[in-house]
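The block underneath contains the structure these notes are about, expressed in structure tokens.
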Amino acid sequence: MDQFIQLTVDGLTLGSVYALIALGYTLVYGVLKLLNFAHGDVFMVGTFAGFGVLQALGGPATPKVPIWLVITLVTLAAMAVCAALGVVIERFAYRPLRDAPRIAPLISALGVSFFLANSMQLLFGATPRNYDLFQYHGGSLYLRGLHIGGVTVPLLRIITIVAAFVLMVILWFLVNKTRTGKAMRATSFDREAAAMMGIDIDRVIVFTFILGSALAGAAGVMFSLRVPTNVSIGFIAGLKGFIAAVIGGIGSIPGAMAGGLILGFLESYIQGYVHGAHIPDGTQWSDLYVFSVLIALMLFRHQGLFGRPDIRKV
Amino acid sequence: MSDSTPHGFHSTGAEGPAIGQDEWVARHADVRFLPARFAVVERRLRGVPWWAWLTLFVAVFCLFPIVEPSGYVRQVAFQTVLYMLLALGLNVVVGWGGLLDLGYVAFYGIGAYAYALLDSPHYGIHLPTLVSVPLIVLIGALAGLVLGLPSWRLTGDYLAIVTLFFLQLFQTVTTNWQNVTGGPFGILNIDPFGLPGGHKLQPEHGGVFAVSYLYVALAFFVVVFVALRLLNNSRTGRAWRSLREDPLAAEAMGMPVNWLKLLAFSCGAAVAALTGSMYAALFGNVFPLSFYFVTLITVYTMVILGGSGNQAGVVLGALIISPLLEVLRDADKSRVLFFVALVGGLVVLGRRNRRIAVVAGATLVFGFVLHAIARMIDGRWVAGHPGAGSFARFVEHWVIAPEQPARWIAPAAYVGVIGAALLCTVLRGIVRDVALVPTIYLGAFVWENVMLAKPEPARYIVLGVILIVLMVIRPNGLLGERRVEIV
């Protein structure tokens, strides 16, 4: 039972990170019908931006400001950097290709992803960066927390999960209750018709990239609060986020949230219960199961749980 | 499709479209790379049959090792032939079939691992090459059929991602299934190719790369090139093109769309597997990471640069990119390359805009002045040593090279130059020309101080930039036909 609780909490944390990444995919896909391969690398840049700010604030052991402010500033900085990056990528790598054959922006996105990962390696090297927040105050963020059964759920995990849900609620509000959100939904429904109704498509797309990339930045910080980051996590994180988006049905916002959580639980339980799924040296068979499930899901229900099957009109 | 002709390409639509070609398509497709005054030369060159080009090309390539006895250069030539083969295979799937296959290098890996398991002490199996290579091609083709199956139900992005999952699966399996694949440590001591008489083709001859592998690879290249060429000119090739242009219409016309997709996947995979077996036989070892994202992007860049869908084009792409990646390994050579590319770029731009000459001159002066100022303020700013050679000495007097730059300089300059370059693409007229001067200088500074120090990420960055820039300004590559989506 203790193990189950432990795994559930792990899954919930992991899942909320995946959900945030998946939201970025889903938002962009919904509006542009573009699979943004570079999204995982934007996430990776976010983890590094957060790390930079953490160091600038004096490092985890000796922060110059209270810890809650450290976490807030780190998250906000990562979100801002990622949002700016997303806007630049959209403007220069995707916008010129908006009317090109669909294969063109995909390849351009591959190029962006490769470029970002290698640029970060050029500038910051391949050494992992550890946020090490458990150093703070004699490890109070890790040792204190909620007691459920025999398990202590660390404060940091709770903060992560709560923050992720707050962000998702804000997103839900933005998309469903504001004018810009309405424009986004209209654009996603039919871009040309939306343009004819006087919606500024370029603005909507830029806004979408800002939202999606900022969420990736937040996800980056939350991810790095669990495990150290390095320049090559973008690829796998991007794949996982995409999987989460597909599970829920790409283009659907609640779908991405649910998909992220499902993927998080799935991965956590597989690692915990399937014999030999997790080998301590970092090699993970669990990926094998996850990817196999995914290929099957893509084949038999690629519209996911919440998506609608796309009907091709001729 | 935006209907503005890209700058610098002259449109000559005087002769009208060919029979059976849509007028609108023809207007967009007829974007020429060479200026109009070369039209006669171009037409003459087009008149030469493809097999004559192929013979000439192979002959030059065969003579090459005789002129250049260096083992390193021979090995680069061999790798280039491997890349040419890979590009030919990928061209079948992406260029002809129009299917975005991101799992392509997994087949390359499957070929290499299959050869490694069939001809090495790992299991003690030593099949004769004449048995194992056809077997591997067959295995590759079958694997291609299996991966092709998802294309029955999925298209576009979904197919791309499923094939990418497949690559990831291959990677996970080869890394983790240690009993069979040796895990991250790979399989070592793989046999070289053997001739029927029991003679082994040793990869090295007296410590120098043996030329025999280059010839074996070239022979395979010719066979694959001709076979695919004939295939493309057959019913099947025409059917593939119809599939690429509009799968729905093709299906409506009675094409067996699903089988065509499988055939494209399978042909590509067979070529990749064949190439993989050559890779394993020559290098004698296989590791999982040799068949991953980096290789995938490299092959994609070749296909896109040359012109996806055009066989000669993708071969040209491989011929450019593969040596380029080698040159970028070496600091001295890649410094020269940077300035050659810079001057070349300015000349191309200058054909359109005479002010570019002024920009180039201004940049030169700007550099010397800035260098002098920096030396006056602090000698350490220019104390870096760029390397040997007269060219390096020129650069030493022009580019600021701090001895031990502060840690923030590299990221700031790098981000700065990207920002400046992107800004230059937005600006117009005289403002752009003025902005170009510091941008070029900053580019040289970054190349000298940041990129040259770390060739490994730097050369992949170049690859990524090529890919993005190509997609934006010339998605059809050097020789490819411009594709027009009719909506």
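The values are calculated or read from the model by the stated rules, or taken from the named source; none is laboratory data. Only a predicted model underlies this, so the values are computations on that prediction, with no experimental measurement involved. Cβ placement follows ideal geometry from the backbone for every residue including glycine, while neighbour counts extend to all protein chains displayed.
Here are a few things to note about the model shown:
- For A:ALA49, the requirement of being farther than 24 Å from A:SER232 by Cα, of a type in the set (A, V, I, L, M), in contact with a helix residue (DSSP H, G or I) (Cβ under 6 Å, 6 or more places away or on another chain) and in a helix (DSSP H, G or I) is not met.
So that you can scan it fast, the table gives a plain yes or no per residue for (1) of a type in the set (S, T, N, Q); (2) closer than 24 Å to B:LEU85 by Cα; (3) within 13 Å of chain A (Cβ to nearest Cβ):
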site: B:LEU117; (1), (2), (3): no, yes, no
site: B:HIS126; (1), (2), (3): no, no, no
site: B:GLY144; (1), (2), (3): no, yes, no
site: B:GLY183; (1), (2), (3): no, no, yes
site: B:PRO192; (1), (2), (3): no, yes, no
site: B:LEU201; (1), (2), (3): no, yes, no
site: B:HIS205; (1), (2), (3): no, no, no
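- The combined condition, being outside any helix (DSSP H, G or I) and more than 14 Å from chain A (Cβ to nearest Cβ), is not fulfilled by B:PRO134.
- A:ALA78 vs. criteria among the small types (Gly, Ala, Ser), within 17 Å of A:GLY212 (Cα to Cα) and crowded, with 19+ Cβ neighbours inside 10 Å: yes
- Options B:TYR441, B:TYR460; residue that is surrounded by 21 or more Cβ atoms within 10 Å (Cβ to Cβ) and more than 9 Å from chain A (Cβ to nearest Cβ): B:TYR441
- Residue in the stretch A:192-206 that is crowded, with 19+ Cβ neighbours inside 10 Å, under 30 Å from B:LEU296 (Cβ atoms) and either of a type in the set (Val, Ile, Thr) or touching a residue at least 40 places away in the same chain (Cβ under 8 Å) (or both) present: yes
- Residue check, B:PHE283 touching a residue at least 24 places away in the same chain (Cβ under 8 Å), more than 20 Å from A:ILE103 (Cα to Cα) and touching a Phe, Trp or Tyr at 6+ places or on another chain (Cβ under 9 Å): no
- Any chance B:PRO6 is modelled with pLDDT under 70 and more than 29 Å from B:LEU349 (Cβ to Cβ): no
- Among the conditions (1) more than 10 Å from chain A (Cβ to nearest Cβ); (2) more than 25 Å from the chain's Cα centre (by Cα), B:TYR215 misses just one, which is (2).
- If you go through the stretch A:42-77 and keep only what is under 18 Å from the mean Cα position of the chain (by Cα), of a type in the set (A, V, I, L, M, F, W, C) and under 15 Å from A:ASN130 (Cα atoms), you end up with A:MET44, A:VAL45, A:PHE48, A:ALA49, A:PHE51, A:ILE71, A:VAL74.
- Residues in the stretch A:181-238 that are over 24 Å from A:ILE159 (Cα atoms), of a type in the set (Gly, Ala, Ser) and part of a helix (DSSP H, G or I): A:GLY181, A:ALA183, A:ALA186, A:SER188, A:ALA193, A:ALA194, A:ALA195.
- Applying the set (1) away from chain A (no Cβ under 14 Å); (2) surrounded by fewer than 18 Cβ atoms within 10 Å (Cβ to Cβ); (3) of a type in the set (Gly, Ala, Ser) to B:GLY156 leaves exactly one unmet item: (1).
- Test: residue in the stretch B:293-309 that is within 24 Å of B:SER212 (Cβ to Cβ) and in contact with a Leu (Cβ under 8 Å, 6 or more places away or on another chain): no
- The set of residues from the stretch A:107-135 being in a helix (DSSP H, G or I), more than 18 Å from A:ALA237 (Cβ to Cβ) and more than 7 Å from chain B (Cβ to nearest Cβ) comprises A:LEU133, A:PHE134, A:GLN135.
Per-residue answers, yes or no, for (1) in contact with a helix residue (DSSP H, G or I) (Cβ under 8 Å, 6 or more places away or on another chain); (2) among the basic types (Lys, Arg); (3) within 27 Å of B:LEU130 (Cβ to Cβ):
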| position | (1), (2), (3) |
| --- | --- |
| B:GLN168 | yes, no, no |
| B:THR172 | yes, no, no |
| B:TYR213 | yes, no, yes |
| B:PHE220 | yes, no, yes |
| B:GLY237 | yes, no, no |
| B:ARG244 | yes, yes, no |
| B:LEU248 | no, no, no |
| B:ASN258 | yes, no, no |
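- Flag if A:PRO101 is away from chain B (no Cβ under 14 Å), surrounded by fewer than 22 Cβ atoms within 10 Å (Cβ to Cβ) and not in a helix (DSSP H, G or I): no
- Residue match in the stretch B:426-436 (condition: more than 26 Å from B:MET302 (Cα to Cα), more than 11 Å from chain A (Cβ to nearest Cβ), within 27 Å of the chain's Cα centre (by Cα) and touching a residue at least 60 places away in the same chain (Cβ under 8 Å)): no
- Helices (runs of 4 or more DSSP H) lying entirely in the stretch B:224-291 (those with 2 or more residues that are polar (S, T, N, Q) and surrounded by 24 or more Cβ atoms within 10 Å (Cβ to Cβ)): B:257-283
- Pick from the stretch B:87-104, criterion more than 14 Å from chain A (Cβ to nearest Cβ) and either closer than 25 Å to A:LEU35 by Cα or at pLDDT below 95 (or both), ranking: nearest to the chain's Cα centre (by Cα): B:ALA87
- Residue match in the stretch A:263-279 (condition: at pLDDT 85 or above, within 10 Å of another protein chain (Cβ to nearest Cβ) and within 30 Å of A:MET120 (Cβ to Cβ)): no
- When residues in the stretch A:212-245 are screened for being surrounded by 24 or more Cβ atoms within 10 Å (Cβ to Cβ), within 14 Å of chain B (Cβ to nearest Cβ) and over 12 Å from A:ILE21 (Cα atoms), 1 of them pass.
- Near pairs, Cβ below 8 angstrom, 6+ apart or cross-chain, from the stretch A:68-97 (within 14 Å of chain B (Cβ to nearest Cβ)) to any residue that is among the aromatic types (Phe, Trp, Tyr) and surrounded by fewer than 24 Cβ atoms within 10 Å (Cβ to Cβ): none
- Checked across the stretch B:161-170, the condition of being within 22 Å of B:LEU231 (Cβ to Cβ) and part of a helix (DSSP H, G or I) holds for at least one residue.
- For the stretch B:105-113, the count of residues that are farther than 17 Å from B:SER266 by Cβ and facing chain A (nearest Cβ under 8 Å) is zero.
Yes/no per residue for (1) within 24 Å of the chain's Cα centre (by Cα); (2) crowded, with 22+ Cβ neighbours inside 10 Å; (3) closer than 13 Å to B:ILE468 by Cα:
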site	(1), (2), (3)
A:PHE114	yes, yes, yes
A:PHE124	yes, no, no
A:THR127	yes, no, no
A:ARG144	no, no, no
A:GLY149	no, no, no
A:LEU155	yes, no, no
